1. Filter the stretch 118-137 down to residues that are within 18 Å of the chain's Cα centre (by Cα) and open to solvent by 30 Å² or more (accessible area, probe 1.4 Å) and give me whichever is farthest from LEU69 (Cα to Cα).
2. Any idea how many residues of the stretch 171-193 are open to solvent by 100 Å² or more (accessible area, probe 1.4 Å) and either under 30 Å from ASN55 (Cα atoms) or at pLDDT below 90 (or both)?
3. In the stretch 128-161, what count of residues is obtained for those that are modelled with pLDDT under 90 and either of a type in the set (D, E, K, R) or not in a helix (DSSP H, G or I) (or both)?
4. Quick check on ILE37: is it β-branched (Val, Ile, Thr), at negative phi and over 14 Å from the mean Cα position of the chain (by Cα)?
5. Kindly indicate whether TYR113 is in contact (Cβ under 8 Å) with a residue 12 or more places away in the chain and part of a helix (DSSP H, G or I).
6. Among all residue pairs at least 6 apart or on different chains, which show Cβ distances below 8 Å where the first residue, located in the stretch 139-156, is at negative phi and the second is aromatic (Phe, Trp, Tyr) and surrounded by 15 or more Cβ atoms within 10 Å (Cβ to Cβ)?
7. Against the definition (modelled with pLDDT under 80, open to solvent by 50 Å² or more (accessible area, probe 1.4 Å), within 26 Å of ILE176 (Cα to Cα) and not β-branched (Val, Ile, Thr)), how does PHE105 come out, yes or no?
8. Are any residues in the stretch 46-75 of a type outside the set (Val, Ile, Thr), open to solvent by 70 Å² or more (accessible area, probe 1.4 Å) and in a helix (DSSP H, G or I), and if so, which ones?
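The values are calculated or read from the model by the stated rules, or taken from the named source; none is laboratory data. Just so it is clear, the structure is predicted and the values come from calculations on it, not from any experiment. Because the Cβ atoms are built from the backbone with ideal geometry, glycine has one as well, and the counts that use them run over all protein chains shown. Ligands, DNA and RNA are excluded from the accessible area calculation, which covers all protein heavy atoms including side chains. Shrake-Rupley method; radii C 1.70, N 1.55, O 1.52, S 1.80 Å.
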Amino acid sequence: MSLEPIPTQVTPASKHPFSFDWLKLTTAKALATTHNILIFIGIFLFEYFKNLFTNNIELIFNILLFIFLVYFIISKLRFKYENLDLNLKENKISLKNVVVKTLGFTYLNPHVYSDTVFFLGNFSKNFLITQKYFFGIGASIASFLFFFFLGYLSKFSSKYLQNIKAWKTINLFIIIFMSVLALFVLKDILNFI
């Protein structure tokens with residue numbers, strides 16, 4: 001019995017430290033980690049300030065959240081599909097370009113803060129502290145899965161997403177999902193009134 005390692009075939013892409021798979025993995029890890037940190041910041045900011053929350057302040061937060069959801073849904077409904085450019089070409093992208101764009105899309109995007117800090121924090125405000133931990137862990141797992149599937153399925157799904165019908169279907173799903181959340185928030189608002 002030999003203890004020598006089994007030789008493996010090395011391809012030129014796997015020799016390069018910045019292969020496409022490495023880039024996808026690194027980007028997915030960076031985005032998921034950032035979102036996980038922001039998820040817990042949101043959850044525990046609402047926990048920290050819960051003593052300051054009166055019914056009126058909670059009502060104001062729910063109204064702001066509802067306005068945001070309605071605005072988001074309306075913007076999805078008004079989306080002009082004829083302006084959608086689906087002519088994608090494969091370009092060589094430098095590591096610096098990927099890092100800058102990833103950081104820009106992450107930290108300069110107001111939706112990352114509204115979704116993680118405000119949205120999830122607001123939903124968890126009435127949970128017990130142990131429930132907040134479980135809620136944060138569940139949201140973090142969902143975030144990791146989302147970004148890893150997004151990264152690794154991007155090459156596979158890109159050929160299917162190059163038509164307007166696919167984007168209409170995705171937007172319809174988003175509209176329905178956000179509408180259900182908006183109705184949930186509206187129910188909370190109406191319970192206050």
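1. Going residue by residue through the stretch 118-137, those that are within 18 Å of the chain's Cα centre (by Cα) are 118-124, 135-137.
Filter once more, keeping what is open to solvent by 30 Å² or more (accessible area, probe 1.4 Å): 118, 120, 123, 135, 137.
Numbers: PHE118: 12, LEU120: 13, PHE123: 13, PHE135: 21, ILE137: 24 Å.
Here the residue is ILE137.
2. 6
3. Residues meeting the conditions: 4.
4. On the way: β-branched (Val, Ile, Thr): yes; at negative phi: yes; over 14 Å from the mean Cα position of the chain (by Cα): no.
Considered against the rule, which asks whether it is β-branched (Val, Ile, Thr), at negative phi and over 14 Å from the mean Cα position of the chain (by Cα), ILE37 comes out as no.
5. Values: in contact (Cβ under 8 Å) with a residue 12 or more places away in the chain: yes; part of a helix (DSSP H, G or I): yes.
For TYR113, the condition - in contact (Cβ under 8 Å) with a residue 12 or more places away in the chain and part of a helix (DSSP H, G or I) - is met.
6. SER140/PHE40
7. yes
8. In the first step, residues of the stretch 46-75 are kept if they are of a type outside the set (Val, Ile, Thr); the result is 46-53, 55-56, 58-59, 61-62, 64-66, 68-69, 71-72, 75.
Among the residues that remain, those that are also open to solvent by 70 Å² or more (accessible area, probe 1.4 Å) are: 48-52, 55-56, 64, 71.
Scanning the stretch 46-75 gives TYR48, LYS50, ASN51, LEU52, ASN55, ASN56, LEU64, TYR71.
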